[in-house]
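J.: Supplied in structure tokens, the structure appears directly below.
The values are calculated or read from the model by the stated rules, or taken from the named source; none is laboratory data. What you see is a predicted model; the values in this text were computed from it and never measured. Because the Cβ atoms are built from the backbone with ideal geometry, glycine has one as well, and the counts that use them run over all protein chains shown. The accessibility values were calculated without ligands, DNA or RNA, using every heavy atom of the protein model including side chains. Shrake-Rupley method; radii C 1.70, N 1.55, O 1.52, S 1.80 Å.
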Amino acid sequence: MLNIVMAVMRRDLKLAMRRQADMTAVLFFFVIVVSLFPLGIGPEANLLRKLAPGVLWVAALLATMLSLPRLFADDLKDGTLEQLALAPHPLGLVVLGKVLAHWLVSGLPLALLAPILGIQYDLSTDALIVLTATLLLGTPALSGIGAIGAALTLGVRGGGVLLSLLVLPLYIPVLIFGAGAVDATVAGLGAEGHFSLLAALAFASVGFAPWAAAAALKIALE
Amino acid sequence: MNERLINIFRFASPATFYPLAGRMIPWFVALTVLFGAAGLWLGLFVAPTDFQQGEGYRIIFVHVPASWMSMFIYLVMAFWAAVGFTLNTRLSGMMTQALAPTGALMAFLSLWTGALWGKPMWGAWWVWDARLTSELILLFLYIGFIALTSAIDDPRRADKAGGILLLVGVVNIPIIYFSVKWWNTLHQGSSVSLTRSPSMAAIMLWGMLLMALCFWMYSIALALVRVRGIILERERHTDWAKAILSGETAR
């Protein structure tokens with residue numbers, strides 16, 4: 001059972017490595033959006049410190065969403081997806097492999113990049129560590145929930161915009177607890193509660209979302 | 001028992017449901033008018049002026065029923081989506097699509113009347129209260145559903161994709177609601193609270209309940225009208241639908 005997950009993950013990672021431009025474009029989108037905010041609201045350090053968690057998290061949501069349409073679209077185009085659906089393994093496990101690969105090439109680099117951008121916002125070391133940790137914990141949930149949206153909009157007119165309409169409202173809890181943890185740390189309160197809830201969201205999304213996405217894929221392939 | 005079941009499933013076919021819906025619509029319209037008239041009379045003329053909020057509180061008779069219906073309709077849509085997946089009935093998908101615009105309208109109406117109510121009472125059109133925020137997110141969910149189903153040309157695929165979205169949404173609604181609620185309390189909360197005094201005058205409660213029934217009946221009537229349109233559009237290749245469309249049988 002784990003074999004199929006690993007095999008799909010390895011395949012997707014290999015494909016991503018051969019098209020690194022796609023991956024870096026998403027990362028630079030993240031960097032640019034985060035850098036635009038100080039230009040829009042002014043360089044005052046106190047204000048920026050207060051805004052940083054929200055801005056970084058919203059930018060991470062948008063960057064993750066940008067990379068979602070490609071999650072299944074290329075495989076649909078060259079027929080791989082049909083072959084995977086016909087394979088004797090549950091399609092949910094295939095999707096799980098793709099979700100994990102998606103996280104490794106989008107969520108993980110975003111989380112590792114975040115502390116550097118956080119310095120631009122004059123965040124303290126504690127806040128930077130918490131920010132990175134929340135992104136590490138929260139982005140798997142984004143990949144998981146996003147897979148449902150990507151599968152539902154597969155091959156649909158105007159899929160990209162539609163995807164954001166479907167997925168962003170479902171991202172709200174992750175945003176609230178992710179940015180809230182950093183806020184709580186900055187305010188001197190503990191962030192353990194936020195971390196627990198974020199972990200719960202991540203496990204629930206990665207565990208259940210692939211099966212919903214698999215059901216949506218089967219409809220798209222009919 | 002067995003015959004009862006067969007009777008229910010007989011109306012799962014669009015061909016038999018179409019005339020049934022046509023016969024039911026006038027009844028629900030009549031009930032809407034009846035409950036609406038009674039509710040408005042109680043609410044606008046009989047119910048006393050609130051000692052704190054003056055006459056302005058009377059918007060409650062539209063606001064609360066609209067909020068209730070916006071939440072209830074989403075649950076009903078999710079129910080039909082679940083029925084559609086388990087029994088594979090075509091009518092269930094049509095029902096979800098017929099209900100969606102009414103649900104979105106109710107969510108919008110709830111936000112709009114809420115803003116109108118908030119301005120004189122709190123001095124602000126909008127506050128980031130937990131209930132307002134989750135109602136706004138509910139409106140987003142409705143819009144997402146409508147956008148998804150109208151972007152897919154094949155109606156069966158649209159039904160099924162929409163159904164998955166509804167079921168995912170209905171699982172997420174409590175999560176979203178509680179996260180927004182906790183977010184709100186963590187951010188020191190708004191200075192105003194939506195909680196009214198618990199001792200609401202009985203006459204106000206009755207007015208509100210009657211208006212809720214009116215909105216409920218209105219939603220059913222409108223959904224039935226809309227589902228009839230959807231049935232005709234999708235079944236236009238069948239003989240019975242052609243007969244109706246060409247005006248041979250007046251139903």
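J.: Please specify each residue of the stretch A:64-79 satisfying the condition of being over 17 Å from A:Gly97 (Cβ atoms) and touching a helix residue (DSSP H, G or I) at 6+ places or on another chain (Cβ under 7 Å).
T.: Matches in the stretch A:64-79: A:Thr64, A:Met65, A:Leu66, A:Pro69.
J.: What number of residues in the stretch A:209-222 are facing another protein chain (nearest Cβ under 8 Å) and either farther than 18 Å from A:Ala141 by Cβ or without any contact (Cβ under 8 Å) to a residue 24 or more places away in the chain (or both)?
T.: Looking only at that region, the number is 4.
J.: Spot the failing condition for B:Ile230; the list is (1) at pLDDT below 85; (2) part of a helix (DSSP H, G or I); (3) within 30 Å of A:Val167 (Cβ to Cβ); (4) not acidic (Asp, Glu), and only one is missed.
T.: Against the list (1) at pLDDT below 85; (2) part of a helix (DSSP H, G or I); (3) within 30 Å of A:Val167 (Cβ to Cβ); (4) not acidic (Asp, Glu), B:Ile230 comes up short only on (1).
J.: Another one. With the requirement that a residue be at the interface with another protein chain (Cβ under 9 Å from one of its Cβ atoms) and among the acidic types (Asp, Glu), what does the stretch A:157-207 give you?
T.: A:Asp183
J.: So which of A:Leu61, A:Leu91 ends up being touching a helix residue (DSSP H, G or I) at 6+ places or on another chain (Cβ under 8 Å), under 30 Å from A:Gly188 (Cα atoms) and modelled with pLDDT of 90 or more?
T.: A:Leu61
J.: Taking A:Ser143 and the conditions (1) open to solvent by 10 Å² or more (accessible area, probe 1.4 Å); (2) more than 24 Å from A:Leu189 (Cα to Cα); (3) not aliphatic (A, V, I, L, M), which numbered condition does it fall short on, given that it satisfies the others?
T.: Against the list (1) open to solvent by 10 Å² or more (accessible area, probe 1.4 Å); (2) more than 24 Å from A:Leu189 (Cα to Cα); (3) not aliphatic (A, V, I, L, M), A:Ser143 comes up short only on (1).
Results for (1) free of Cβ contacts under 8 Å to residues at least 24 places away in the same chain; (2) over 27 Å from A:Gly207 (Cβ atoms); (3) open to solvent by less than 20 Å² (accessible area, probe 1.4 Å); (4) within 14 Å of chain A (Cβ to nearest Cβ), shown as yes or no for each residue.
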| position | (1), (2), (3), (4) |
| --- | --- |
| B:Pro101 | no, yes, no, no |
| B:Leu105 | yes, yes, no, no |
| B:Ala147 | yes, yes, no, yes |
| B:Arg156 | no, yes, no, yes |
| B:Gly163 | no, no, yes, yes |
| B:Val170 | no, no, no, yes |
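J.: Another one. Filter the stretch B:67-99 for residues that are polar (S, T, N, Q) and touching a residue at least 40 places away in the same chain (Cβ under 8 Å); which is farthest from B:Tyr57 (Cα to Cα)?
T.: B:Thr89
J.: A:Val206 passes all but one of (1) within 15 Å of the chain's Cα centre (by Cα); (2) buried (at least 24 other Cβ atoms within 10 Å of the Cβ); (3) farther than 24 Å from B:Thr133 by Cα; (4) not polar (S, T, N, Q); which number fails?
T.: Of (1) within 15 Å of the chain's Cα centre (by Cα); (2) buried (at least 24 other Cβ atoms within 10 Å of the Cβ); (3) farther than 24 Å from B:Thr133 by Cα; (4) not polar (S, T, N, Q), only one is false for A:Val206: (2).
J.: Would you point out the residue of the stretch A:146-179, among those that are without any contact (Cβ under 8 Å) to a residue 60 or more places away in the chain and farther than 23 Å from B:Val170 by Cβ, that is least open to solvent (accessible area, probe 1.4 Å)?
T.: Checked the stretch A:146-179; the qualifying residue least open to solvent (accessible area, probe 1.4 Å) is A:Gly158.
J.: Counting only residues that are open to solvent by less than 40 Å² (accessible area, probe 1.4 Å) and farther than 18 Å from A:Leu110 by Cβ, which one in the stretch A:14-44 is farthest from the chain's Cα centre (by Cα)?
T.: This residue is A:Gly42.
J.: A further question on this structure: Kindly check whether there is at least one residue in the stretch B:119-129 that is surrounded by 17 or more Cβ atoms within 10 Å (Cβ to Cβ), over 24 Å from A:Ser205 (Cα atoms), in contact with a Ser or Thr (Cβ under 8 Å, 6 or more places away or on another chain) and more than 9 Å from chain A (Cβ to nearest Cβ). Outline the logic, then answer.
T.: If we filter the stretch B:119-129 for residues that are surrounded by 17 or more Cβ atoms within 10 Å (Cβ to Cβ), which is where we start, we get B:127, B:129.
Next, only the ones that are over 24 Å from A:Ser205 (Cα atoms) stay: B:127, B:129.
Retained after the next criterion (residues that are in contact with a Ser or Thr (Cβ under 8 Å, 6 or more places away or on another chain)): B:127, B:129.
When the remaining residues are screened for being more than 9 Å from chain A (Cβ to nearest Cβ), the result is B:127, B:129.
Checking the stretch B:119-129: at least one residue is surrounded by 17 or more Cβ atoms within 10 Å (Cβ to Cβ), over 24 Å from A:Ser205 (Cα atoms), in contact with a Ser or Thr (Cβ under 8 Å, 6 or more places away or on another chain) and more than 9 Å from chain A (Cβ to nearest Cβ).
J.: Let me ask something additional. Which number in (1) at the interface with chain A (Cβ under 10 Å from one of its Cβ atoms); (2) open to solvent by 20 Å² or more (accessible area, probe 1.4 Å) marks the one condition that B:Ile137 misses?
T.: All conditions are met except number (2).
Condition check ((1) surrounded by 20 or more Cβ atoms within 10 Å (Cβ to Cβ); (2) of a type in the set (A, V, I, L, M); (3) at negative phi) across all residues:
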{"site": "B:Ala37", "(1), (2), (3)": "no, yes, yes"}
{"site": "B:Gly56", "(1), (2), (3)": "no, no, yes"}
{"site": "B:Ser70", "(1), (2), (3)": "yes, no, yes"}
{"site": "B:Leu116", "(1), (2), (3)": "no, yes, yes"}
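J.: Restricting attention to the stretch A:180-198, which residues are assigned to a helix (DSSP H, G or I), in contact (Cβ under 8 Å) with a residue 12 or more places away in the chain and among the small types (Gly, Ala, Ser)?
T.: Within the stretch A:180-198, A:Gly180, A:Ala181 meet the criteria.
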